[in-house]
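All of the numbers you see were taken from the coordinates with simple rules; none came from a lab. A quick note: this is a predicted structure, and the numbers were derived from the prediction, not measured. Neighbour counts are summed over all protein chains in view; Cβ atoms, including those assigned to glycine, are modelled from backbone coordinates with ideal geometry.
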């Protein structure tokens with residue numbers, strides 16, 4: 001299937017992108033997308049550098065942000081960091097609330113992949129994963145399936 005192909009019931013990425021700033025939101029969807037990943041990456045300062053590299057790699061290959069170019073990605077990241085600074089402790093909740101439902105399970109998988117990069121999940125990372133699952137409205141069974149696959153993936 002080509003990048004632009006849409007199957008029945010699937011919402012095309014450009015339609016999701018058209019919801020750039022949902023009514024009443026301070027974040028737009030690309031800022032929220034990059035912001036959630038960035039918050040997860042820096043949640044553990046000891047592992048922040050490799051986690052930020054993983055965020056960069058993920059954003060670079062994301063179909064959602066394809067076509068922005070390097071400068072566009074830099075701008076989205078800068079805007080996301082500014083939103084995080086403005087929102088303080090409410091940043092994660094605000095950013096998750098802006099993400100369209102079609103993106104939420106993929107976002108949870110990307111975040112959990114970052115948290116579980118070493119193949120082991122710390123208690124603090126587990127707490128953040130649980131918080132993310134709730135904020136993104138991920139059902140417990142789906143969250144567990146995503147986690148099991150990614151923990152196996154990250155063992156080696």
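Here are a few things to note about the model shown:
- Per-residue Cβ neighbour rank within 10 angstrom, fewest leading, 46, 153: 46, 153
- Among 121-129, 65-73, sorting by the average number of other beta carbon atoms lying within 10 angstrom of each residue, highest first, gives 121-129, 65-73.
- As a proxy for reagent exposure, ranking 96, 111 by other Cβ atoms within 10 Å from fewest up yields 96, 111.
- The length gained on full extension between residue 140 and residue 46, counted as 0.36 nm times the residue separation minus their Cα-Cα distance, comes to 31.0 nm.
- Working from Cα pairs under 8 Å separated by at least six residues, relative contact order for the range 24-153 is 31 percent.
- Cα gyration tensor shape for the range 28-156, rounded if a/c is under 1.5, else prolate or oblate: rounded
- Pairwise centroid distance, computed over Cα atoms, of the range 30-46 with the range 98-138, Å: 11
- Label point distance in nm, residue 71-residue 127, each placed 7 Å from Cα along Cα→Cβ: 4.3
- Extension gain, residue 151 to residue 61, is 30.3 nm, computed as 0.36 nm per intervening residue step minus the present C-alpha separation.
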